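Participant: Quick one: this structure, given as structure tokens, is what I'll be asking you about.
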Amino acid sequence: MECEICGSQEAGYLILVEGAKMNVCTDCSSSGKLLRAPVPPKGRDDAPQREREEIEVVEGYGKLISDARRKLGLPIEVLAERINEKMSFLERIEHEKTLPDEKIAHKLQKELGIKLLQGVVNTSGGTTSQAKGGMTLGDILEIEKREKRKKE
Ligand SMILES: [Zn+2]
């Protein structure tokens, strides 16, 4: 079916324009109230959006990595070698010019014993913004434990 507005493209959208339903293309779909969007191609993204878990790299990851690395006395080139990445790439990550992907972040977590990734569950309930940049209960308990140990 051709677009009823411009006639030049495949009409995948059904929109309402001044009370009339029209089959239009992507470009023209914003000309009215959207009634129906094209069904996305099968097998591309089956998981329902609201249940999908996104993995996010924590804020200040660059400093986290470089601090942990220095604490371990690990030269950047050695760490780069251990995680099988170029030193220049790791430098960019430490300067937060590049965001490490999940795979690299996992490797860094393992090598440095730090937490770089946090799961963000996209629920419709809106429990998402919890603990972003803040502390979780687990973190607080961990700190309390550490404080106790120090005193003993
Ligand atoms: Zn059109």
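Any read-out appearing in this document is the output of simple, stated calculations on the displayed coordinates, not a laboratory observation. Source: prediction; values computed, not measured. With ideal geometry, Cβ positions are generated from the backbone for all residues, glycine too; neighbour counts draw on all protein chains shown.
Participant: Taking R0 as 41 Å, what FRET efficiency do you get between Lys115 and Glu10 from their Cβ-Cβ distance, rounded to the nearest 0.05? List each step's numbers first, then the result.
Facilitator: On the way: r = 47 Å, r/R0 = 1.15.
So the FRET efficiency works out to roughly 0.30.
Participant: With a 10 Å Cβ neighbour count serving as the proxy for reagent exposure, in which order, fewest first, do Ile76, Ile143 appear?
Facilitator: Values: Ile76 17, Ile143 11.
The most exposed by this proxy come first: Ile143, Ile76.
Participant: Sticking with this structure for a sec: Please work out whether segment 1-40 counts as rounded, prolate or oblate from its C-alpha gyration tensor, where a ≥ b ≥ c are the square roots of the eigenvalues and a/c under 1.5 means rounded, while otherwise a/b larger than b/c means prolate and anything else oblate? Before the final figure, lay out the partial values.
Facilitator: Working: a/c = 1.80, a/b = 1.18, b/c = 1.53.
Oblate, since a/c reaches 1.5 and b/c is not below a/b.
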